[in-house]
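Okay, so here's the structure we're looking at.
Read the figures in this text as sums done on the coordinates, not as results from a lab. Since we're looking at a predicted model, the values are computed, not measured. All Cβ positions, even for glycine, are placed from backbone atoms using ideal geometry, and neighbour counts span all protein chains on display.
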């Protein structure tokens, strides 16, 4: 009995000290982590819609996002501006979650795709996410099939990532049709 | 033997005599996975060394109060705490690096090197030696990661990129085979390094 008590107390003390240390670290780093996440998202959103220069010109539409997400799973956020819409889409890539910002203008054409975060393989999947490759989606509309092998070219060795990106653009266009 | 057990001896054994990756061959999984870039090696090395040093020191300091039966849970709590600290700090201050190292930082918790040093060394030695052991093991680990990261990034991408600056680029005449930055490249590179080290040891033995 005495031994059990001793073990329990030791474990508790160690656990408490660890918890305090972690709590302190968390409170110090929390703001920075959140600020960085927002900054990355803002940068990608602005890059996806030409003509928009800062995040302040964009309006986040929570209701529209909820409405779109019901029909098109993966839609996380919707921003609007007088230039068009930006969809933040989250689906699975090859290495983990893949998050893109897709800009669509008032005519329903894709005008820009940019990466918010990804876990794709460096040198293969990451090639799909390079700017000149993403630029190939510009001008696509919801009438395009957006299928790898039809109107989208896969990058050699990165078929899954290529498909994931095409799917995300397709989802953005579907979401656009839902909320338009 | 007693005289040899100095701070310096404990430190340098981590490099060659008991190098965690090349000789003890523990903690290989994450090392092979992240060593496709020199920069990854730097941050992974520093992170693991930080955890190793602090968990070694703390465990050596409290070893007399730890009941034998529950030492492993206590090791895990100590190690996991330091790993979480590194995880949060990297995420806050080096987010691009964190994006790349991703899941491997939290997985330092189950990295055999750290638990092996806690159980096999820090639990039986004083704080000073545990500190030397942690520093040495960490430095030995980092060294191997740097060498592998350098070789694989150079062969696999044709260039070395450090902190967003391209140090040098041999890509135009050289067409880099991507296999080196993928998992097979890790095994190939590691095997070659092992062969070199074994050759060196055999020479020395003769």
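Within the listed set B:154, B:88, B:38, the residue fluctuating most in the Gaussian network model of chain B (springs between alpha-carbon atoms under 10 angstrom) is B:88. Run lengths n ≥ 4 of DSSP H only: what is the helix-derived mean residue ellipticity at 222 nm for chain B, with -39500 (n - 2.57) per run over all residues, to the nearest 500? One gets -21000 deg cm²/dmol as the mean residue ellipticity at 222 nm. GNM remark for chain B: springs join alpha carbons under 10 Å apart, and the peak mean-square fluctuation among B:82, B:11, B:187 falls on B:187. Axis angle, to the nearest 10 degrees, between helix B:38-62 and the longest C-alpha principal axis of chain B: 0 degrees.
The tail of the calculated P(r) for the stretch A:48-179, taken as Cα-Cα distances beyond 19 Å, holds 44 percent of the pairs. Counting beta carbons within 10 Å around each of B:127, A:52 and listing the fewest first gives the order B:127, A:52. Here the contact order of chain A, divided by its residue count and restricted to Cα pairs under 8 Å and six or more residues apart, works out to 18 percent. Principal axis extents of the C-alpha atoms in the stretch B:87-206 (largest first, rounded to whole Å): 55, 51, 23.
Mean partner shielding of peptide B:84-91, defined as the number of other chain Cβ atoms within 10 Å of each residue Cβ, is 5. Going from the fewest other Cβ atoms within 10 Å to the most, the residues A:98, B:162, B:131, A:5 appear in the order A:5, B:162, B:131, A:98. On a 0 to 90 degree scale, rounded to 10, what angle separates helix B:127-157 from the longest Cα axis of chain B? Roughly 10 degrees, rounded to the nearest 10. Once the Cα atoms are used to define both axes, helix A:159-179 deviates from the longest principal axis of chain A by about 70 degrees. For chain B, the alpha-carbon coordinates run over 61, 51, 24 Å along the three principal axes, in decreasing order. Working from Cα pairs under 8 Å separated by at least six residues, relative contact order for the stretch B:11-205 is 35 percent. The order of A:141, B:166, going from fewest to most other C-beta atoms within 10 Å of their C-beta, is B:166, A:141. Gyration tensor analysis over the Cα atoms of the protein assembly as shown returns equivalent ellipsoid semi-axes of 46, 28, 15 Å (largest first, whole Å).
Computed over chain A with a Gaussian network model linking Cα atoms closer than 10 Å, the most mobile of A:45, A:166, A:19 is A:19. Separation of the stretch B:70-86 from the stretch A:71-123 is 38 Å, based on Cα centroids.
Per-residue mean of foreign Cβ neighbours for B:178-187 is 2 (Cβ atoms of other chains, 10 Å radius).
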